[in-house]
Amino acid sequence: MSAVAKQESKKKLKFSYTVKQRRWVGDGFHVYNLLNPAPELNPYISPFILMDYAAPQHFESTKAKKGVGEHPHRGFETVTLAYQGEVEHRDSSGGGGKIKAGDVQWMTAGKGIVHEEFHSQDFAKSGGTFEMIQLWVNLPKKDKLTKPKYQSIEGQMIPQVDVGRQSKLRVIAGEFLGHKGPASTFTPIEMYDLDSEKADDFTVHLKEHHNTIILVMRGKLELEGETYSERDILIFDRAGTDIDLSVSDQFKGVILSGEPIDEPMVAHGPFVMNTEEEIITAIKDYQAGRMGNLRRN
Ligand code: MN
(Lines give C-alpha, C1' and ligand atoms only; values in the text may rest on other atoms or scores of the structure.)
Protein backbone atom coordinates (compact mmCIF):
# COMPACT_ATOMS: atom_id res chain seq x y z
CA MET A 1 0.00 0.00 0.00
CA SER A 2 1.22 3.45 -0.80
CA ALA A 3 0.70 6.42 1.46
CA VAL A 4 -2.05 7.60 -0.88
CA ALA A 5 -5.65 6.70 -0.06
CA LYS A 6 -6.78 3.44 -1.63
CA GLN A 7 -7.24 4.10 -5.29
CA GLU A 8 -10.69 3.54 -6.68
CA SER A 9 -11.65 3.38 -10.30
CA LYS A 10 -14.59 2.33 -12.40
CA LYS A 11 -15.03 -1.29 -13.38
CA LYS A 12 -16.10 -1.05 -17.01
CA LEU A 13 -18.53 -3.24 -18.88
CA LYS A 14 -16.69 -5.67 -21.16
CA PHE A 15 -19.70 -7.20 -22.96
CA SER A 16 -23.30 -8.19 -22.42
CA TYR A 17 -25.84 -10.59 -23.88
CA THR A 18 -29.40 -11.84 -23.45
CA VAL A 19 -30.53 -15.44 -23.29
CA LYS A 20 -33.97 -16.08 -24.79
CA GLN A 21 -34.05 -19.85 -25.13
CA ARG A 22 -35.15 -21.96 -22.21
CA ARG A 23 -34.35 -25.62 -21.77
CA TRP A 24 -35.46 -28.28 -19.32
CA VAL A 25 -33.04 -29.74 -16.82
CA GLY A 26 -34.85 -32.92 -15.93
CA ASP A 27 -38.59 -32.20 -15.77
CA GLY A 28 -38.50 -29.74 -12.86
CA PHE A 29 -36.05 -27.00 -13.80
CA HIS A 30 -36.95 -24.90 -16.83
CA VAL A 31 -33.84 -22.79 -17.13
CA TYR A 32 -32.13 -20.08 -19.07
CA ASN A 33 -28.50 -21.15 -19.34
CA LEU A 34 -26.80 -17.82 -18.71
CA LEU A 35 -23.20 -18.87 -18.16
CA ASN A 36 -21.57 -22.03 -19.47
CA PRO A 37 -18.17 -23.71 -19.52
CA ALA A 38 -17.23 -22.57 -23.06
CA PRO A 39 -13.44 -22.05 -23.13
CA GLU A 40 -13.94 -18.66 -24.86
CA LEU A 41 -16.11 -17.41 -22.00
CA ASN A 42 -14.21 -18.82 -19.05
CA PRO A 43 -11.44 -16.17 -18.81
CA TYR A 44 -14.15 -13.54 -18.26
CA ILE A 45 -16.30 -15.47 -15.78
CA SER A 46 -13.87 -17.69 -13.82
CA PRO A 47 -14.18 -18.79 -10.96
CA PHE A 48 -17.82 -19.19 -12.08
CA ILE A 49 -18.43 -21.97 -14.61
CA LEU A 50 -22.16 -22.16 -15.20
CA MET A 51 -25.34 -20.36 -14.25
CA ASP A 52 -28.82 -21.74 -14.90
CA TYR A 53 -31.74 -19.47 -14.06
CA ALA A 54 -35.16 -21.04 -13.55
CA ALA A 55 -37.11 -17.78 -14.00
CA PRO A 56 -40.50 -17.59 -12.24
CA GLN A 57 -42.83 -20.26 -13.59
CA HIS A 58 -46.08 -21.70 -12.29
CA PHE A 59 -46.25 -25.42 -11.60
CA GLU A 60 -49.60 -27.15 -11.06
CA SER A 61 -50.12 -29.29 -8.01
CA THR A 62 -48.86 -32.81 -8.69
CA LYS A 63 -48.03 -36.10 -7.02
CA ALA A 64 -45.17 -36.57 -9.51
CA LYS A 65 -41.53 -36.06 -8.48
CA LYS A 66 -40.24 -33.30 -10.73
CA GLY A 67 -36.55 -32.64 -11.07
CA VAL A 68 -33.30 -34.40 -11.84
CA GLY A 69 -32.55 -37.97 -10.79
CA GLU A 70 -29.28 -39.45 -9.62
CA HIS A 71 -26.18 -37.84 -11.20
CA PRO A 72 -22.57 -37.21 -10.15
CA HIS A 73 -20.36 -34.11 -9.81
CA ARG A 74 -16.59 -33.77 -9.37
CA GLY A 75 -14.09 -30.92 -9.28
CA PHE A 76 -16.26 -27.92 -8.40
CA GLU A 77 -19.11 -26.59 -6.23
CA THR A 78 -22.81 -26.28 -6.99
CA VAL A 79 -24.59 -23.33 -5.40
CA THR A 80 -28.38 -23.32 -5.38
CA LEU A 81 -30.22 -20.09 -4.62
CA ALA A 82 -33.93 -20.68 -4.04
CA TYR A 83 -36.17 -17.63 -4.50
CA GLN A 84 -39.64 -19.15 -4.80
CA GLY A 85 -40.66 -22.76 -4.26
CA GLU A 86 -38.55 -25.46 -2.62
CA VAL A 87 -35.93 -27.98 -3.67
CA GLU A 88 -35.33 -31.29 -1.95
CA HIS A 89 -32.03 -33.08 -2.40
CA ARG A 90 -30.46 -36.36 -1.36
CA ASP A 91 -26.91 -37.58 -1.88
CA SER A 92 -24.59 -40.56 -1.75
CA SER A 93 -23.08 -39.57 1.62
CA GLY A 94 -26.50 -39.97 3.24
CA GLY A 95 -27.03 -36.20 3.34
CA GLY A 96 -30.22 -34.53 2.22
CA GLY A 97 -32.58 -31.71 2.99
CA LYS A 98 -34.68 -28.89 1.73
CA ILE A 99 -33.65 -25.62 0.19
CA LYS A 100 -36.47 -23.19 0.98
CA ALA A 101 -37.22 -19.81 -0.58
CA GLY A 102 -34.50 -17.39 0.58
CA ASP A 103 -32.03 -20.18 1.37
CA VAL A 104 -28.77 -20.98 -0.36
CA GLN A 105 -27.17 -24.38 -0.54
CA TRP A 106 -23.43 -24.38 -1.20
CA MET A 107 -22.35 -27.91 -2.07
CA THR A 108 -18.70 -28.76 -2.55
CA ALA A 109 -18.65 -31.79 -4.83
CA GLY A 110 -14.84 -32.01 -4.57
CA LYS A 111 -13.64 -35.55 -5.22
CA GLY A 112 -17.13 -36.70 -6.06
CA ILE A 113 -20.71 -36.90 -4.97
CA VAL A 114 -23.84 -38.45 -6.46
CA HIS A 115 -27.12 -36.69 -5.80
CA GLU A 116 -30.66 -36.00 -6.94
CA GLU A 117 -32.54 -32.67 -6.97
CA PHE A 118 -36.33 -32.44 -7.01
CA HIS A 119 -39.11 -30.01 -6.21
CA SER A 120 -39.91 -30.67 -2.54
CA GLN A 121 -42.89 -32.89 -1.83
CA ASP A 122 -44.70 -29.98 -0.15
CA PHE A 123 -44.14 -27.66 -3.08
CA ALA A 124 -45.16 -30.31 -5.63
CA LYS A 125 -48.34 -30.98 -3.65
CA SER A 126 -49.36 -27.33 -3.30
CA GLY A 127 -48.04 -26.16 -6.67
CA GLY A 128 -47.10 -22.52 -7.18
CA THR A 129 -44.38 -20.31 -8.58
CA PHE A 130 -40.89 -21.71 -8.77
CA GLU A 131 -37.76 -19.56 -9.13
CA MET A 132 -34.19 -20.66 -8.60
CA ILE A 133 -30.60 -20.17 -9.69
CA GLN A 134 -27.97 -22.85 -9.85
CA LEU A 135 -24.36 -21.82 -10.15
CA TRP A 136 -21.28 -23.92 -10.65
CA VAL A 137 -18.21 -22.47 -8.96
CA ASN A 138 -14.80 -23.83 -9.90
CA LEU A 139 -12.28 -25.18 -7.42
CA PRO A 140 -8.58 -24.44 -7.81
CA LYS A 141 -6.44 -27.41 -8.87
CA LYS A 142 -5.21 -28.01 -5.32
CA ASP A 143 -8.76 -28.38 -3.97
CA LYS A 144 -10.49 -30.26 -6.80
CA LEU A 145 -10.42 -33.54 -4.91
CA THR A 146 -11.32 -32.09 -1.51
CA LYS A 147 -13.78 -33.95 0.68
CA PRO A 148 -17.38 -33.26 -0.35
CA LYS A 149 -19.37 -31.00 2.01
CA TYR A 150 -22.49 -28.90 2.28
CA GLN A 151 -23.18 -25.47 3.62
CA SER A 152 -26.90 -25.10 4.25
CA ILE A 153 -27.35 -21.37 4.46
CA GLU A 154 -30.76 -20.33 5.69
CA GLY A 155 -32.21 -17.01 4.63
CA GLN A 156 -32.00 -15.54 8.13
CA MET A 157 -28.22 -16.18 8.23
CA ILE A 158 -27.65 -13.88 5.25
CA PRO A 159 -26.94 -10.25 6.18
CA GLN A 160 -29.12 -7.72 4.39
CA VAL A 161 -27.50 -4.33 3.90
CA ASP A 162 -29.26 -1.11 2.92
CA VAL A 163 -27.76 0.51 -0.16
CA GLY A 164 -28.87 3.62 -2.00
CA ARG A 165 -32.20 4.91 -0.68
CA GLN A 166 -34.54 2.01 -1.42
CA SER A 167 -32.38 -1.03 -2.07
CA LYS A 168 -31.27 -4.07 -0.16
CA LEU A 169 -28.24 -6.14 -0.84
CA ARG A 170 -27.95 -9.66 0.60
CA VAL A 171 -24.36 -10.74 1.23
CA ILE A 172 -24.21 -14.47 0.51
CA ALA A 173 -20.43 -14.69 0.12
CA GLY A 174 -17.56 -12.23 0.60
CA GLU A 175 -18.20 -8.94 2.32
CA PHE A 176 -19.97 -5.70 1.60
CA LEU A 177 -19.43 -2.51 3.64
CA GLY A 178 -18.11 -4.60 6.52
CA HIS A 179 -20.96 -7.14 6.43
CA LYS A 180 -19.65 -10.64 5.90
CA GLY A 181 -21.56 -13.32 4.02
CA PRO A 182 -21.96 -16.76 5.66
CA ALA A 183 -20.61 -18.87 2.78
CA SER A 184 -17.08 -20.14 3.13
CA THR A 185 -15.32 -20.29 -0.24
CA PHE A 186 -12.07 -21.84 -1.50
CA THR A 187 -11.11 -18.74 -3.50
CA PRO A 188 -12.14 -15.11 -2.89
CA ILE A 189 -15.75 -14.65 -4.03
CA GLU A 190 -18.43 -12.01 -3.53
CA MET A 191 -22.00 -13.08 -4.17
CA TYR A 192 -24.83 -10.59 -3.65
CA ASP A 193 -28.57 -10.52 -4.23
CA LEU A 194 -29.92 -7.08 -5.00
CA ASP A 195 -33.52 -5.90 -4.59
CA SER A 196 -34.87 -2.39 -5.12
CA GLU A 197 -38.47 -1.42 -4.33
CA LYS A 198 -38.14 1.95 -6.02
CA ALA A 199 -35.81 3.42 -8.63
CA ASP A 200 -32.41 3.98 -7.09
CA ASP A 201 -28.76 4.89 -7.74
CA PHE A 202 -25.76 3.62 -5.87
CA THR A 203 -22.22 2.40 -6.26
CA VAL A 204 -21.08 -1.15 -5.59
CA HIS A 205 -17.42 -1.49 -4.59
CA LEU A 206 -15.81 -4.69 -5.78
CA LYS A 207 -12.26 -6.01 -5.92
CA GLU A 208 -9.60 -5.08 -8.40
CA HIS A 209 -8.70 -8.03 -10.73
CA HIS A 210 -11.91 -9.90 -9.93
CA ASN A 211 -14.19 -11.06 -12.74
CA THR A 212 -17.64 -9.56 -12.21
CA ILE A 213 -21.02 -10.57 -13.61
CA ILE A 214 -24.43 -8.99 -13.13
CA LEU A 215 -27.68 -10.78 -13.96
CA VAL A 216 -30.85 -8.73 -14.28
CA MET A 217 -33.75 -10.87 -13.04
CA ARG A 218 -36.47 -8.18 -13.08
CA GLY A 219 -36.78 -4.48 -13.78
CA LYS A 220 -34.27 -2.32 -15.58
CA LEU A 221 -30.66 -1.44 -15.03
CA GLU A 222 -28.94 1.57 -16.55
CA LEU A 223 -25.22 1.52 -16.99
CA GLU A 224 -22.83 3.56 -19.13
CA GLY A 225 -25.82 5.03 -21.03
CA GLU A 226 -27.44 1.69 -21.94
CA THR A 227 -30.53 0.04 -20.46
CA TYR A 228 -30.57 -3.63 -19.57
CA SER A 229 -33.54 -5.78 -18.66
CA GLU A 230 -34.67 -9.31 -17.83
CA ARG A 231 -32.09 -12.03 -18.38
CA ASP A 232 -29.40 -9.65 -19.54
CA ILE A 233 -25.96 -10.73 -18.45
CA LEU A 234 -23.33 -8.03 -17.98
CA ILE A 235 -19.67 -9.01 -17.82
CA PHE A 236 -17.10 -6.53 -16.56
CA ASP A 237 -13.37 -5.91 -16.93
CA ARG A 238 -11.11 -7.32 -14.26
CA ALA A 239 -9.61 -3.86 -13.82
CA GLY A 240 -11.32 -1.31 -11.61
CA THR A 241 -13.36 -1.53 -8.43
CA ASP A 242 -16.54 0.53 -8.65
CA ILE A 243 -19.76 0.02 -10.59
CA ASP A 244 -22.33 2.83 -10.55
CA LEU A 245 -25.77 1.29 -10.85
CA SER A 246 -29.01 3.01 -11.69
CA VAL A 247 -32.00 0.69 -11.24
CA SER A 248 -35.75 0.91 -11.85
CA ASP A 249 -38.67 0.17 -9.52
CA GLN A 250 -38.96 -3.52 -8.60
CA PHE A 251 -35.43 -4.31 -9.68
CA LYS A 252 -34.00 -7.70 -8.82
CA GLY A 253 -30.57 -8.97 -9.73
CA VAL A 254 -27.52 -10.93 -8.72
CA ILE A 255 -23.92 -9.74 -8.59
CA LEU A 256 -21.17 -12.33 -8.82
CA SER A 257 -17.53 -11.38 -8.46
CA GLY A 258 -14.47 -13.48 -7.84
CA GLU A 259 -10.76 -13.91 -8.21
CA PRO A 260 -10.21 -15.71 -11.53
CA ILE A 261 -8.77 -19.21 -11.32
CA ASP A 262 -6.39 -18.94 -14.24
CA GLU A 263 -5.71 -22.66 -14.60
CA PRO A 264 -6.54 -25.03 -17.49
CA MET A 265 -10.16 -26.19 -17.35
CA VAL A 266 -11.69 -29.24 -19.02
CA ALA A 267 -15.44 -29.58 -18.52
CA HIS A 268 -17.29 -32.72 -19.49
CA GLY A 269 -20.93 -32.99 -18.40
CA PRO A 270 -20.97 -33.09 -14.59
CA PHE A 271 -17.16 -33.13 -14.20
CA VAL A 272 -14.88 -30.07 -14.32
CA MET A 273 -11.19 -30.84 -14.06
CA ASN A 274 -7.83 -29.48 -15.28
CA THR A 275 -6.94 -32.18 -17.84
CA GLU A 276 -8.65 -34.72 -20.12
CA GLU A 277 -6.93 -37.55 -18.21
CA GLU A 278 -8.63 -36.35 -15.02
CA ILE A 279 -12.00 -36.35 -16.82
CA ILE A 280 -11.46 -39.96 -17.93
CA THR A 281 -10.53 -40.89 -14.35
CA ALA A 282 -13.70 -39.15 -13.12
CA ILE A 283 -15.87 -41.13 -15.58
CA LYS A 284 -14.19 -44.40 -14.51
CA ASP A 285 -14.51 -43.57 -10.82
CA TYR A 286 -18.20 -42.78 -11.22
CA GLN A 287 -18.85 -45.94 -13.25
CA ALA A 288 -17.03 -48.04 -10.66
CA GLY A 289 -19.24 -46.58 -7.91
CA ARG A 290 -16.35 -44.73 -6.28
CA MET A 291 -18.47 -41.56 -6.00
CA GLY A 292 -21.14 -43.61 -4.27
CA ASN A 293 -24.75 -43.97 -5.32
CA LEU A 294 -28.19 -43.33 -3.87
CA ARG A 295 -29.49 -46.88 -3.93
CA ARG A 296 -27.12 -47.87 -1.14
CA ASN A 297 -28.67 -45.35 1.26
MN1 MN B 1 -26.53 -31.67 -9.46
Task: Residue identified as surrounded by fewer than 16 Cβ atoms within 10 Å (Cβ to Cβ) and in contact (Cβ under 8 Å) with a residue 60 or more places away in the chain among 77, 60 - done: 60
TODO: Pull up the stretch 44-57, narrow it to residues that are within 17 Å of the chain's Cα centre (by Cα) and open to solvent by 10 Å² or more (accessible area, probe 1.4 Å), then point me to the one that is farthest from the ligand (Cβ to nearest atom).
DONE: 44
Open item on the list: I need every pair where a residue in the stretch 157-179 that is over 21 Å from residue 244 (Cβ atoms) has its Cβ under 7 Å from the Cβ of a residue that is of a type in the set (Lys, Arg) and open to solvent by 10 Å² or more (accessible area, probe 1.4 Å), sequence separation at least 6 or different chains.
Closed with: 158/170; 160/168; 160/170
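Each row is one residue, and each column tells you yes or no for (1) surrounded by fewer than 24 Cβ atoms within 10 Å (Cβ to Cβ); (2) within 16 Å of the ligand (Cβ to nearest atom); (3) farther than 18 Å from residue 27 by Cα.
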| residue | (1), (2), (3) |
| --- | --- |
| 101 | yes, no, yes |
| 108 | yes, yes, yes |
| 121 | yes, no, no |
| 130 | no, no, no |
| 133 | yes, yes, no |
| 138 | no, yes, yes |
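Would you call residue 77 touching a Lys or Arg at 6+ places or on another chain (Cβ under 8 Å), within 14 Å of the ligand (Cβ to nearest atom) and of a type in the set (Asp, Glu)?
Numbers: touching a Lys or Arg at 6+ places or on another chain (Cβ under 8 Å): no; within 14 Å of the ligand (Cβ to nearest atom): yes; of a type in the set (Asp, Glu): yes.
No; evaluated as a whole, the condition is false for this residue.
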- [ ] Could you please let me know if residue 16 is at negative phi and not in a strand (DSSP E or B)?
- [x] no
TODO: Please specify each residue of the stretch 253-265 satisfying the condition of being in contact with a Ser or Thr (Cβ under 8 Å, 6 or more places away or on another chain) and either closer than 30 Å to residue 163 by Cα or crowded, with 18+ Cβ neighbours inside 10 Å (or both).
DONE: 255, 256, 257, 258, 259, 260, 261, 265
Task: Candidates 213, 235 - the one that is under 29 Å from residue 116 (Cα atoms), more than 16 Å from the ligand (Cβ to nearest atom) and among the aliphatic types (A, V, I, L, M) - done: 213
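Have a look at 197, 226 and point out the one that is over 17 Å from the mean Cα position of the chain (by Cα), within 25 Å of residue 21 (Cα to Cα) and either open to solvent by 60 Å² or more (accessible area, probe 1.4 Å) or modelled with pLDDT under 95 (or both).
Numbers: 197 fails: within 25 Å of residue 21 (Cα to Cα).
The conditions single out 226.
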- [ ] Go through the stretch 47-90 residue by residue and tally those that are assigned to a loop (DSSP other than H, G, I, E, B) and aliphatic (A, V, I, L, M).
- [x] 1
- [ ] Report yes if residue 87 is of a type in the set (Val, Ile, Thr) and either touching a helix residue (DSSP H, G or I) at 6+ places or on another chain (Cβ under 9 Å) or within 16 Å of the ligand (Cβ to nearest atom) (or both), otherwise no.
- [x] yes
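The values are calculated or read from the model by the stated rules, or taken from the named source; none is laboratory data. Quantities reported herein were computed from a predicted structural model and do not represent experimental measurements. Cβ: placed from backbone, ideal geometry, glycine included. Neighbour counts: every protein chain shown. What goes into the accessible areas is simple: the full protein's heavy atoms, side chains included, and nothing from ligands, DNA or RNA. Shrake-Rupley method; radii C 1.70, N 1.55, O 1.52, S 1.80 Å.
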